[in-house]
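The values are calculated or read from the model by the stated rules, or taken from the named source; none is laboratory data. Here the structure is a predicted model, which means the values were calculated and not measured. All Cβ positions, even for glycine, are placed from backbone atoms using ideal geometry, and neighbour counts span all protein chains on display.
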Amino acid sequence: MGDARSAEGRRFISRRSSTPCTAILCQGNEQSHAQEPVHSIRVRRKRLWGWFVAVDTDRSGMIHAQELERALINGDWTPFDLDTVKMLMTIFDVDRSGTIGFNEFAGLWKYIKDWQNVFKHFDRDRSGSIDGGELREALAQFGYNLSPQLLELLQKKYANQTATGRGPAPGISFDRFVRACVVVKQLSESFQKLDSDRDGWIQINYDQFMQTVLSLP
């Protein structure tokens, strides 16, 4: 049961998953989405097209990172972190053109909406940010059980502002929460590829280390 739940949880942070489904969240979403009436799909895509045109301020028919950054805001009306925007562009810019078209934009928009549901679920105190305990719970649900030291490092790295060293670290906003989870996923997958005998230990040379680190969003 635990392994199945962890595997499901990791689908939250996979670009390919159509909806974020775990034993706790969104059960049956994929089935209901598949049964969505054609009319509803058309209405939704028309609305998305309107948003796409509004974001495409230079009328190029494509969206670049700066346009996307201006369009994305957190729940507290703060703009998205530019590094998170670039990460999203990297995930959805499938042809590596440096821009995204409408279909890529539609996928990105759904990805963000799914993550908003995840964020709301783990923001237990409704503070609008993720604290250390909520971050630990989220990552554990995804199947990543980090040590307290790593959790503290992750929280400080992605906190909304620089920690002072006194008291708890600041909370993590929505955009930084998404990036933190994606980075943990990609680091874990990179480690697993190198850990061929699955003993939790790897030996890598300098080039392998640099390739792993530089490939992160």
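Looking at A138, is it under 18 Å from V55 (Cα atoms) and either surrounded by 15 or more Cβ atoms within 10 Å (Cβ to Cβ) or among the aromatic types (F, W, Y) (or both)? Answer is no for this residue.
All conditions in (1) of a type in the set (V, I, T); (2) crowded, with 19+ Cβ neighbours inside 10 Å; (3) farther than 19 Å from C181 by Cα hold for T78, with the sole exception of (2).
Pick from F191, F122, F209, F177: which is farther than 19 Å from L72 by Cα and in contact with a strand residue (DSSP E or B) (Cβ under 8 Å, 6 or more places away or on another chain)? Checking each option against the conditions leaves just F122. Looking across the stretch 170-202, the residues that are in a helix (DSSP H, G or I) and small (G, A, S) come down to A180, S188, S190.
Among helices (runs of 4 or more DSSP H) lying entirely in the stretch 4-104, which contain 2 or more residues that are touching a Gly at 6+ places or on another chain (Cβ under 7 Å), within 18 Å of N117 (Cβ to Cβ) and modelled with pLDDT of 90 or more?
So the answer is none; nothing clears 2.
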